């Protein structure tokens, strides 16, 4: 039951975009642009909050479930007979009734006057938001408080927007907000930091307003620059959730390692997909006319979904804006960012990778956004890799001295929107970056300092890094080579226990694609937060661009876990 609850929560959490906030060292104000459905929505929402619709309140949900308890009791009993879709549909209907005022007209407008609060810089700076007496806005900036407190929370802002709207309209609102922040602070420029849909909003802002040169830096974390295929699954209520990755996603957010063998519910997992489909089908009418849904849709499925769900006349405003986004803005993302750089704006992208898409598909993703859409990089399919000897396509960066191929040989960043200014974090889940010290520090350096200009600036932050979330259990790499590589200079594998509370016990270390043998490691214990060196013997061949996979089997608590990581042999 614990696992099933985590699974259901993860579908919602996949769209939740936890934001960090900080202020620049030189007192330049910082504006954070949150992700999809991460700001407060309501009707006549002010300091008193007349009617808050999103996030929904516990009393509202509890009241609805209580009134519907007889039907739910019968449907829950039906689970014994495999009727998961019926329960999902009923809960979806209940959710739709709770959230029905978030439904839009066919032209994308709100019949109930839904808006987001607050818009005034005096009210949406972190100092004010964290002091709000009823605390209902704390969820939006809770993670921000720790970082913002190091500088000036009163000069650190959250752009609160209506997530029903398309990114083109929101870029116009962001323009107004930037002007308001500049007037409020007396600053000539601002720094932007975004997550998920917020990244597309910033891209749309640069697409329309880059000539104003009022942005000094922009850091986009796991950005939905070119959308996601997940929107097709949501609108068509057709899911195929990968069990292992979605549960690991929840564990990442909770920073809790696996304690229950995942295989115990694998046989039931198709029922969970039926449950999700039933719920999504009931909810689909609520977000059918949200302009943001079509902004977030990938180009691959945009025309299909537009024809399936939008009337050319009634939904003309939605179509007009999103046609611009998909047919003019998205194809020009690289040139848009390069224009920004030519005007002195530092633009950086951080993408998550190495995870299967949560709602189905075989792309390499951060659980929600395919790497190819969030960064522009060419990728192999999830679980696959390029053949040995692979040479970068070089469609954007053709410099042969620049190695933009990932150590796991599954990402070619030479095709990315910004090959020199894009970082990839393997094992990083969408929305879970605040639980990763590595990613958080990289964000702070990019946003607040001039220490890192490109992917070559700091060896501690190479273009391809690894998540250090506690849920990963361990991390490992060779002693002499740079991150993700191995050569004849190396003599041992260094394994670190990422958990600062519990020890881990190493059971075995093996290599495939490389004829080396690691010393006996049976029952080697690594204390919390500590590392051990595992020596190996054998010859590293004189080759390059050759993949080897290192697999470490270890015990954490009562759970036996395996972590496999790809390394490039670079020995020429």
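The values are calculated or read from the model by the stated rules, or taken from the named source; none is laboratory data. Because the structure is a prediction, the values reported are computed rather than measured. Glycine gets a Cβ as well: all are built from the backbone with ideal geometry, and neighbour counts include every protein chain shown.
Points worth noting:
- Summed over segment 102-114, the residues that are crowded, with 18+ Cβ neighbours inside 10 Å and on the phi < 0 side of the Ramachandran plot give a count of 5.
Yes/no per residue for (1) outside any strand (DSSP E or B); (2) within 16 Å of the chain's Cα centre (by Cα):
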position: 192; (1), (2): no, no
position: 201; (1), (2): yes, yes
position: 205; (1), (2): yes, no
position: 211; (1), (2): yes, no
position: 216; (1), (2): no, no
position: 220; (1), (2): no, yes
position: 223; (1), (2): yes, yes
position: 231; (1), (2): yes, yes
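- Wholly enclosed strands (runs of 3 or more DSSP E) of segment 514-556 bearing at least 2 residues more than 30 Å from residue 500 (Cα to Cα) and either under 33 Å from the mean Cα position of the chain (by Cα) or at pLDDT 90 or above (or both): 531-538, 546-556
- The number of residues in segment 394-406 being in contact with a strand residue (DSSP E or B) (Cβ under 7 Å, 6 or more places away or on another chain) and either closer than 18 Å to residue 363 by Cα or modelled with pLDDT under 95 (or both) comes to 2.
- Every test in (1) farther than 30 Å from residue 190 by Cβ; (2) surrounded by fewer than 21 Cβ atoms within 10 Å (Cβ to Cβ); (3) in contact with a helix residue (DSSP H, G or I) (Cβ under 6 Å, 6 or more places away or on another chain) is passed by residue 355 save one, and that test is (2).
- Residue in segment 475-488 that is surrounded by 15 or more Cβ atoms within 10 Å (Cβ to Cβ) and more than 30 Å from residue 403 (Cβ to Cβ) present: no
- A single member of 346, 363 is closer than 23 Å to residue 549 by Cβ and in contact with a strand residue (DSSP E or B) (Cβ under 8 Å, 6 or more places away or on another chain), and it is 363.
- Which listed residue is within 18 Å of residue 422 (Cβ to Cβ), modelled with pLDDT under 95 and buried (at least 24 other Cβ atoms within 10 Å of the Cβ), from 193, 160: 193
- Exactly one residue among 421, 410 is surrounded by fewer than 23 Cβ atoms within 10 Å (Cβ to Cβ) and modelled with pLDDT of 95 or more, and that residue is 421.
- Criterion violated by residue 323 - all others in (1) at pLDDT below 55; (2) surrounded by fewer than 20 Cβ atoms within 10 Å (Cβ to Cβ) satisfied: (1)
- Residue count for segment 457-497 satisfying the condition of being closer than 20 Å to residue 553 by Cα and in contact with a helix residue (DSSP H, G or I) (Cβ under 6 Å, 6 or more places away or on another chain): 3.
- Residue check, residue 274 modelled with pLDDT of 90 or more, surrounded by fewer than 20 Cβ atoms within 10 Å (Cβ to Cβ) and touching a helix residue (DSSP H, G or I) at 6+ places or on another chain (Cβ under 9 Å): no
- When residue 440 is tested against (1) surrounded by fewer than 21 Cβ atoms within 10 Å (Cβ to Cβ); (2) at pLDDT 90 or above, exactly one condition is not met: (2).
- Residue count for segment 446-469, restricted to those that are over 15 Å from residue 406 (Cα atoms) and under 17 Å from the mean Cα position of the chain (by Cα): 2.
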